[in-house]
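Worksheet for the structure shown next.
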Amino acid sequence: GTLPSEMFTSSINLMNIDMGGNRFEGTIPAGFGNLDKLKLLRMNSNNFIGKMPQELFLPPSLHTLNCSNNNLNESLPDELYGATSLRVLNLASNNFSGTISNKIGDLKYLQELKLQSNQLEGTIPSTIGLLSRLRSMDIKFNSLNGSMPDNVCHLKGSSSSFLELSSDCGGFLPLVACDCCSTC
């Protein structure tokens, strides 16, 4: 079924919402933006479609967002890069297209970035190298190209906690040249 819009007026004190694997369908309601205390939102493994509403990134304390394994599409919304309290961002296995914005470097608390299995294209922004708390980044199975930025490799090499860096760097004709990736 779909999510009822009234849940966003009667549940404004919710801090954690885990609705993963429930076969919800339709679009993601914009009402999540009304939940000012929201810290964790897991909506993975459902059947959500369409674009992500910009209001989804309004809760000031949102630190975990998992919308993986849905059918979300269009480009990553610019409002995403204003959610500066994010520590975990998992948008894997959707149909996102377009590029990864240079503004991704604004997510200074980000520890885990999962964007694999989408339709993202272009080059990998060097601003990812500004994410000094990053521990894991998976961007494989997209149409990204070019080279892994040197500062991202430097960040991985200088941090004992940055353990996973995965991109499309293997095979006969790799899309991404990466000497520092742990998985290709």
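The values are calculated or read from the model by the stated rules, or taken from the named source; none is laboratory data. As the structure is a computational prediction, the values presented were derived from the model and not from experiment. Don't worry about glycine lacking a Cβ; one is built from the backbone with ideal geometry, like all the others, and counts go over all protein chains shown. Each accessible area value is taken on the protein alone, full model and side chains, heavy atoms only, with ligands, DNA and RNA left out. Shrake-Rupley method; radii C 1.70, N 1.55, O 1.52, S 1.80 Å.
Quick look at the values:
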| item | result |
| --- | --- |
| Counted residues, the range 112-141 - those being charged (D, E, K, R) and in a loop (DSSP other than H, G, I, E, B) | 3 |
| Residue check for residue 38: assigned to a loop (DSSP other than H, G, I, E, B), open to solvent by less than 60 Å² (accessible area, probe 1.4 Å) and touching a Pro at 6+ places or on another chain (Cβ under 9 Å) | yes |
| Residues that are farther than 19 Å from residue 74 by Cβ and either part of a strand (DSSP E or B) or in contact with a strand residue (DSSP E or B) (Cβ under 6 Å, 6 or more places away or on another chain) (or both), drawn from the range 42-64 | 42, 64 |
| Positions within the range 65-80 being open to solvent by 10 Å² or more (accessible area, probe 1.4 Å) and in a helix (DSSP H, G or I), in sequence order | 78, 79 |
| Any hit, the range 112-125, residues being in contact with a Pro (Cβ under 9 Å, 6 or more places away or on another chain) and either within 23 Å of residue 39 (Cα to Cα) or open to solvent by 50 Å² or more (accessible area, probe 1.4 Å) (or both) | yes |
| Near pairs, Cβ below 7 angstrom, 6+ apart or cross-chain, from the range 5-30 (over 12 Å from residue 42 (Cβ atoms) and surrounded by fewer than 14 Cβ atoms within 10 Å (Cβ to Cβ)) to any residue that is at pLDDT below 90 and β-branched (Val, Ile, Thr) | 26/2 |
| Considering residues of the range 164-184 that are assigned to a loop (DSSP other than H, G, I, E, B) and of a type in the set (Asp, Glu) only, the residue most open to solvent (accessible area, probe 1.4 Å) | 179 |
| Tally of residues being surrounded by fewer than 15 Cβ atoms within 10 Å (Cβ to Cβ) and either at positive phi or in contact with a Pro (Cβ under 7 Å, 6 or more places away or on another chain) (or both) across the range 127-163 | 1 |
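Conditions (1) in contact with a strand residue (DSSP E or B) (Cβ under 9 Å, 6 or more places away or on another chain); (2) assigned to a loop (DSSP other than H, G, I, E, B); (3) modelled with pLDDT under 95; (4) open to solvent by less than 40 Å² (accessible area, probe 1.4 Å), marked per residue:
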| site | (1), (2), (3), (4) |
| --- | --- |
| 86 | yes, yes, no, yes |
| 89 | yes, no, no, yes |
| 105 | no, no, no, yes |
| 110 | yes, yes, no, yes |
